[in-house]
Amino acid sequence: MATQTQTPAKSTSYIQEVLKESKKVNWPKRRELINNTVLTLVSALAVSLFIFGADQVISTLLSYIY
């Protein structure tokens, strides 16, 4: 297995580049982040309720058959 050796200068340069690039990122506003989080939670709840309902229907149908 090959090992990588990093000099402190390379590590420092890498961290500086990461910080510089993170300033270029278009971060979402707080309101947008909250809206997207709520949308994700509601969607996950809706899908889970649909799967639960489908499972109950299938279980009921199978209980009549067997």
Applying the selection to region 23-40, what residues are surrounded by 10 or more Cβ atoms within 10 Å (Cβ to Cβ), part of a helix (DSSP H, G or I) and not β-branched (V, I, T)?
E32, L33, N35, N36, L39
Note on S43: of the conditions (1) surrounded by fewer than 10 Cβ atoms within 10 Å (Cβ to Cβ); (2) polar (S, T, N, Q); (3) within 29 Å of the chain's Cα centre (by Cα), unmet is (1)
Considering only region 5-12, I want to know if a residue exists there that is outside any loop (DSSP other than H, G, I, E, B), surrounded by 10 or more Cβ atoms within 10 Å (Cβ to Cβ) and not small (G, A, S).
yes
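We did not get these values from a lab; they are worked out from the coordinates using the rules stated. Since we're looking at a predicted model, the values are computed, not measured. Cβ: placed from backbone, ideal geometry, glycine included. Neighbour counts: every protein chain shown.
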